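Working notes for the structure below.
Values in this text are rule-based calculations from the coordinates and carry no lab data. Bear in mind the structure is a predicted one, so any value in this text is a computation, not a measurement. Note that each Cβ is placed from the backbone with ideal geometry, even for glycine, and that neighbours are counted across all protein chains shown.
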Amino acid sequence: MFNHNFTVIKSTQKISEFNRSAYFYLFSSIIAAPIIEEIVFRKFIFMQLLQKNSLLKAILVSSFCFSIIHFQDLSNLLPTFVWGIFLSVIFYQSKNIIYPIVAHFLNNVIVSIFAFYNNTIPTYFQEIKFSLLYWLITLSGLAIVIISMKVFINKTKKAET
């Protein structure tokens with residue numbers, strides 16, 4: 001009987017530790033990270049670069065810094081770079097840090113939901129690492145972003161003149 005009670009107490013402690021770590025993960029990745037990262041990468045780095053460089057250079061350099069800080073392996077470097085470009089464009093166009101924070105928040109919520117449900121979709125994408133499908137998806141997305149940025153920058157230049 002003593003061993004059974006000890007096992008129940010030990011199990012309860014493990015559940016409590018899991019809950020604390022889960023709550024910390026959820027708070028840090030869903031709430032804190034979008035706020036802190038967007039302030040650092042968009043409000044500070046992007047804006048500092050924009051003062052002395054072209055819009056394109058400011059977007060690319062701040063997005064590169066954003067992707068480096070999220071580096072896990074080579075397969076996530078380009079997608080986080082493209083995500084950083086997207087967030088920078090949202091910030092530049094809206095002139096309001098709240099919009100990229102909300103977009104970042106929603107992205108992290110979606111990723112956390114997938115993580116909670118056994119990584120079903122991310123596991124699929126991890127399995128296509130560096131295959132032909134990976135490169136088709138990545139390069140197509142990059143081409144769309146580059147074309148969209150050129151159109152956006154040209155329209156911004158025309159509007160300013």
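What shape does segment 55-119 have by the C-alpha gyration tensor, where a ≥ b ≥ c are the square roots of the eigenvalues, rounded means a/c under 1.5, and otherwise prolate means a/b greater than b/c and oblate the rest? It is oblate, given that a/c is not under 1.5 and a/b is not larger than b/c. Quick one: Debye curve from the C-alpha atoms of segment 35-93, no solvent, what's log10 I(q)/I(0) at q = 0.15, 0.27, 0.28 Å⁻¹? Values returned for q = 0.15, 0.27, 0.28 Å⁻¹ are -0.37, -1.07, -1.13. A Förster radius of 25 Å, combined with the Cβ-Cβ distance separating VAL40 from PHE71, puts the computed FRET efficiency at roughly 0.95. Between PHE116 and LEU56, full extension at 0.36 nm per residue minus the direct alpha carbon distance yields a gain of 17.9 nm. Under the simplified labelling scheme, the LYS95-ILE146 pair shows an inter-label distance of 3.1 nm, with each label point 7 Å from Cα along Cα→Cβ.
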